[in-house]
Structure formats: C-alpha cells, structure tokens
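Any read-out appearing in this document is the output of simple, stated calculations on the displayed coordinates, not a laboratory observation. Source: prediction; values computed, not measured. No Cβ is skipped: glycine too gets one built from the backbone with ideal geometry, and neighbour counts run over all protein chains shown.
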Amino acid sequence: MKKNISVELGRRDFLALTGLSAAALISGCLHAETGERKPNIVVIFADDLGYADLGIQGCKDIPTPNLDAFARAGVRCTNGYVSCPVCSPTRAGLMTGRYQQRFGHWYNPGSATEAAVNFGLPLTEITIADILKQAGYTTGLVGKWHLGYQPEFHPQKRGFDEFFGFLGGAHSYIDAKAEPKNPIMRGTDVVDEPEYLTHAFTREAVSFIDRNKEKPFFLYLSYNAVHGPLQAPPEYVDRFKDIADNKRRIHAAQVSAMDDGVGKVLDKLKDAGLEKDTMVFFLSDNGGPTQGTGADNTPLRGVKGNVWEGGIRVPFFIRYPRRIPAGMVYHKPVISLDIIATCAAAAQAALPSDRVMDGVDLISYLTGPKKDNPHDTLFWAFVSGRAVRQGPWKLVIEKDASPVLFNLDEDIKEANNVAANNGPIVESLQQALKNWEKDLKPPLWEPGGKKTGQKKPGEGRKRRKKPAA
C-alpha cells in the first residue's frame with residue numbers, strides 16, 4: 001500500500017493530485033459528454049436503527065410509509081453492511097471509502113470530556129465532501145459528526161461548506177444546552193435550538209436543498225435518531241399507545257419522527273423538480289442496541305457492538321430514478337465503503353490515486369455491465385471480535401473463542417456453526433483475514449478515548465471488555 005500523503009497535501013493539494021483545473025471546476029456542474037447537470041447527492045444516515053425497524057424490512061408495529069416508499073422507488077440491498085458495529089468508525093469509513101482501520105480509526109472515543117485530544121478523522125484522509133467539492137458541488141452536513149471535537153477536525157475543515165449539528169456521538173433531542181461541551185452549532189457558532197432535534201435536522205436539510213437547488217449539491221443528513229436518549233414528542237408517542245413496552249414505544253416514536261423527516265426531504269426534492277436527478281442513499285450506521293433502546297434486529301443474531309450480522313448488517317437503500325429502476329431488490333453483499341466510489345462515479349469526480357480505496361461504484365453492478373459480486377471478500381475487526389465474509393461464507397472469531405463458520409445463504413440467523421465440516425474454508429478465510437490485517441494501522445485511541453497507538457488488537461495489549469457507547 002502506498003504511503004499516505006501529508007496533511008498539507010491531503011487538504012490543499014488534492015485538486016492538483018486529481019488533475020482537475022480551475023476551468024474544470026467552473027464547468028463542473030455539467031456532464032462532459034451530455035451537457036446534463038450532474039446529479040445531486042443525498043446521503044441519509046440513521047443512528048442505531050434496527051435491521052427490522054422499518055416496514056419494508058419486516059416491522060409490524062411501526063409504520064414507516066416514507067422509507068418504505070423510498071426503498072420501493074429504487075433498490076433495497078438485502079445484504080447491505082457497514083464497516084463497524086459502532087458509530088464513529090463506521091462514519092470514518094463512510095467519509096473516506098476506506099476501511100477505517102487502515103488509518104487507525106478503530107473505536108468510538110467516548111464523550112467530549114473523555115475523548116483523547118487526537119480523536120478525529122486523521123487529517124491525511126480525504127473525504128467524500130472534499131472530492132465532491134472539487135468537482136463543483138456545494139456540500140452540506142446536517143446532524144451528527146462524531147469525527148473529531150478539535151477545531152482542525154471540524155466538518156468545515158473537512159470539505160463541507162455548511163454545517164448544522166453537533167460534533168459528538170449523541171445528544172438530547174429536547175435540550176440544546178444539555179451538554180455544554182457538545183453543543184448544537186451552525187458552522188462554529190453555538191445555537192440554542194428550540195425544536196425537537198430530529199425535526200430541526202429535517203428543517204435544515206430542506207432549507208439546504210431549497211437554497212442550493214440551482215446547482216449540484218451534496219447533502220449528508222446524519223440523523224442522531226434513533227440513538228439514545230429515548231425522547232420523543234408526545235404526539236409521536238401517542239401514535240403507539242398499543243405498544244406496551246415503554247422502551248419500544250418511545251423508540252417507535254423516534255423512528256416515526258425520522259420517517260416523517262425523510263418524507264419531507266424527499267418531497268422537497270420532488271417539489272423542486274430534482275427527484276429524477278438526485279441520487280439518495282439511506283442506511284444506518286450499525287445495528288440496533290436492542291436491550292438499550294428497544295430496537296429490533298430480527299432475524300439477525302447480535303446487536304450493536306459485535307460482528308454478528310445484527311451489529312453490521314443494516315437497512316440499505318438507494319434511489320436514483322435516472323439510473324436505477326424502481327422495485328429492485330439486490331442480494332449480493334455491498335458495504336457503506338461503496339458510497340464514496342458510487343458518488344464519485346456519478347459526479348465524474350476523481351478518487352485519490354495514492355492510497356487503497358476499498359469501495360466500488362455500485363451503479364455499475366446494479367444496472368451496468370458488471371454481473372459479478374461487487375466484493376470478493378468483506379472484513380470487520382473490533383474490540384468484540386473479527387469477521388470475514390466471502391460469498392455465502394462468514395467466519396467469526398470472537399475474542400478468546402474458536403472460529404465459527406456460517407453459510408449465510410442458508411442460515412441468516414448464524415445459528416448453525418459448520419466449521420467442523422468445512423476445514424479448508426475456515427483456513428482460507430482465516431488467511432484472508434490475516435492478509436488484510438497486515439495493512440492496518442494500530443488504534444489511535446482506546447475504546448472510550450484514552451490515547452494509544454502502540455499495538456493492534458490481538459497483539460498482547462489488554463483490551464476493555466465493552467466498547468464505549
């Protein structure tokens with residue numbers, strides 16, 4: 001793997017590395033071949049959403065008409081994954097299109113008061129916002145960042161023209177001043193947001209679209225819904241009086257508020273005449289913490305924080321009417337790392353050529369000439385264990401446990417360990433995992449925020465039993 005470029009190159013000279021000129025940026029809003037406007041791009045990220053918390057994913061007690069309609073209008077990826085079972089590392093992978101362990105971003109950092117000073121997406125990394133901004137896009141982030149508290153890690157230093165949200169991993173939905181060191185911000189200014197936070201993020205997303213509808217834009221709408229704390233407006237809680245369990249009832253209200261919000265964002269695109277030419281993604285950052293919030297990962301085994309399917313397989317939808325026909329269901333494994341490559345291809349933007357990029361352009365697989373699997377192998381590594389998937393086979397190695405093997409085509413619940421009868425497959429997947437780990441960097445901080453950087457997991461360093469929330 002080639003050595004990362006310096007921090008200076010990562011920020012200031014990416015334009016030169018990609019070979020884009022000022023003239024190209026001026027005309028960057030048009031496709032070179034057709035003269036058509038480049039597509040707008042919206043990535044909607046839910047937080048801690050369960051695999052079965054949406055109607056189209058099998059949910060029976062929470063109506064989600066907007067997200068269900070969204071999924072039916074494009075493609076639903078039934079084997080959609082994220083690169084980590086917790087928030088911040090997944091977001092680091094999403095932003096860069098690279099396994100976050102390649103640059104030491106293994107764990108959540110803890111709160112703003114606990115996080116290591118060096119916590120943040122390393123400045124050597126180039127973000128999706130950097131890439132699309134260089135291609136002529138206006139870029140905006142609304143919602144949760146969770147990729148650094150210090151000024152140098154601020155979203156507007158990482159390619160985003162606009163930011164409204166918070167820098168940490170969670171926030172009260174009803175009290176903007178609940179955490180003085182993790183405030184709601186517009187740009188770098190603290191604001192006292194009076195509205196329920198999910199509604200506020202929807203409002204800001206709609207405003208961003210309205211203000212930028214005349215030119216290509218990239219909007220990263222990063223809801224903190226449905227992450228804890230369990231808080232929802234009474235009118236939403238009242239929708240679910242038939243749910244007896246209090247956690248599940250409030251969780252349902254939070255899901256419903258987010259579904260309404262997604263509906264408003266999609267309605268804005270339609271009303272502005274942008275629906276056909278906007279590529280929209282929806283996914284969650286990890287599986288649901290079922291005991292903590294009442295989320296539902298049925299039929300998957302596991303929860304947020306572990307590398308069973310329930311921690312890493314998520315609802316994953318893409319809508320792009322110009323290219324993707326409605327009603328598609330795609331069963332081959334895809335991963336959140338693919339989003340940056342898919343967006344860059346649609347925008348005719350150059351990806352960095354000096355480093356390993358782990359994602360692929362999904363459009364070329366969904367509708368184009370490529371018929372094979374987008375990925376030969378997918379990998380996961382976290383404090384709770386490691387996993388590798390190749391075709392239908394998934395190998396899981398929990399900490400201090402023997403490897404277990406599952407055929408996911410036959411056993412989505414990961415209930416039947418078939419390692420004993422498939423020794424060569426176990427050995428092959430173990431070797432693939434070892435080869436992948438050779439290119440990874442040590443963690444830059446421990447789970448919960450303590451600065452480290454000495455050893456990779458599994459190299460003799462004592463680890464905490466549980467990841468930070």
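With the simple spin-label model, which puts each label point 7 Å out from Cα in the Cβ direction, the residue 364 to residue 398 separation comes to 3.9 nm. One equal scatterer on each Cα of the chain, no solvent, Debye formula: the resulting log10 I(q)/I(0) at q = 0.08, 0.11, 0.13 Å⁻¹ is -0.43, -0.85, -1.25.
Note on segment 384-437: Cα-only Rg and Dmax are 10.3, 28 Å.
Annotation: for a label point projected 7 angstrom from Cα along Cα→Cβ of residue 178, residues of segment 270-304 with backbone N closer than 17 Å are 289, 292-295.
Distance between the pseudo-spin-label points of residue 117 and residue 186 (7 Å out from Cα toward the beta carbon): 3.3 nm. Between residue 362 and 342, the built amide H atoms are under 5 Å apart, and every one of these is 5 or more places off in sequence or on another chain. In order along segment 402-415, the phi-based Karplus estimate (6.51 cos²θ - 1.76 cosθ + 1.60, θ = phi - 60°) of 3J(HN,Hα) comes to 6, x, 10, 10, 9, 9, 5, 5, 9, 8, 5, 7, 6, 9 Hz; Gly and Pro are listed as x. By the helix-only formula, in which each DSSP H run with n ≥ 4 contributes -39500 (n - 2.57) and the sum is divided by residues, the chain has a 222 nm mean residue ellipticity of -7500 deg cm²/dmol. With each label modelled as a point 7 angstrom along the Cα→C-beta vector, the residue 56-residue 373 pair spans 2.5 nm. What is the antiparallel percent of DSSP beta bridges lying wholly in segment 21-366, to the nearest 5? Close to 30 percent.
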